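These notes concern the structure reproduced below.
The values are calculated or read from the model by the stated rules, or taken from the named source; none is laboratory data. This structure is a prediction, so every number in the text was calculated from the model and none was measured. Counting neighbours? That spans all protein chains shown, and the Cβs are built from the backbone with ideal geometry, glycine included.
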Amino acid sequence: MEVIRLPDLERSRARSVAVGTFDGVHLGHREVIAGSDSVLTFDPHPVSVVAPQHTPKLLTTLARKAELLDSLGVQELIVIPFDAGFAQRSAAEFVEDVLVGALGARQVAIGENFRFGHKAQGDPGLLLADARFTTVVHPLLEVDGEIVSSSHIRGLVLAGEVGEANRLLGAGFQLSGVVAHGDARGRELGFPTANLIPEDALACPGHGVYACLAYVDPTHPRAHPRPAAVSIGVRPTFDTGRGEQIEAYILDFEGDLYGQQLRLEFLARLRGERRFEDPAALIEQMHRDVQRTREIAAAH
């Protein structure tokens, strides 16, 4: 799949394009995208420009979004660099300059809540009234009586409900980052961990212990998943003073990961974070966590 940033796009053909932010590429987004050969999205998230104080934590980086779209058979991801200047464009200018001018759109697919242009004045009705292309407006998807939305899934992730989040995403929620040095507490307990520093802009599951799949050097063509028991929190059994940490114990792995990229795919929440009476009690629980992680990863 090609990833192209405007204005580097050549109008070489008529396009069937799905338009939206598509954070998470969840089940609702997939209904909008189905049948389109191109996807038009924005980077960074428009809210971070027009109302930065309300910027949401993201479910996907642009790179992860591209991966997911590629897996859906999309041929082309077109990215609009969203800045203050672009935010000032009227809805009519967006249609004329981008959809018609740059993309040569013959069909435009959107969700029913899609808004665009300066002060969000453009709506599905404006697109439906334009005879130069066909507009397909998809109703919001409901699952079990709940509208599937990025904000709802974001809330599930923050609450640690990664299993339900994955169901609505249609794929495993992931975090990526660089492995940093910690205080080697895990190694002292017999469970050496990789300390992950994710991007601050991303949503992070709530404090607790999770069964995950870990991908070391995830962009390598032969990277394969390994089960990992992952702790997110402040480690209340020890007085570390280090704040929130993400620590991954990768099962059956030996090697130096410092400075490498690590990707974690969250499968299930094992338990909440809690203080133990002593390190021995913690170690006993960690053995149970590892065994449960192995079982969940094998079933996955």
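Points to keep in mind about this one:
- Within the stretch 83-136, the set of residues being assigned to a loop (DSSP other than H, G, I, E, B), small (Gly, Ala, Ser) and either more than 25 Å from Ser149 (Cβ to Cβ) or at pLDDT below 95 (or both) comprises Ser90, Gly104, Ala129, Ala131.
- Within the stretch 183-215, the set of residues being assigned to a strand (DSSP E or B), modelled with pLDDT of 90 or more and either at negative phi or touching a Ser or Thr at 6+ places or on another chain (Cβ under 6 Å) (or both) comprises Ala194, Asn195, Leu196, Leu202, Val209, Tyr210, Ala211, Cys212, Leu213, Ala214, Tyr215.
- Residue check, Arg288 within 23 Å of the chain's Cα centre (by Cα), over 22 Å from Val179 (Cβ atoms) and either outside any helix (DSSP H, G or I) or free of Cβ contacts under 8 Å to residues at least 40 places away in the same chain (or both): no
- The set of residues in the stretch 229-259 that are at pLDDT below 75 and charged (D, E, K, R) comprises Arg235, Asp239, Arg242.
- Qualifying residue in the stretch 40-51 (condition: of a type in the set (Gly, Ala, Ser) and under 23 Å from Asn166 (Cα atoms)): no
Here is a yes/no grid of residues against (1) among the acidic types (Asp, Glu); (2) at pLDDT 95 or above; (3) closer than 20 Å to Ala105 by Cα; (4) under 14 Å from the mean Cα position of the chain (by Cα):
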| site | (1), (2), (3), (4) |
| --- | --- |
| Ala14 | no, no, yes, no |
| Thr21 | no, yes, yes, yes |
| Ile33 | no, yes, yes, no |
| Val39 | no, yes, yes, no |
| Val50 | no, yes, no, no |
| Leu58 | no, yes, no, yes |
| Leu69 | no, yes, yes, yes |
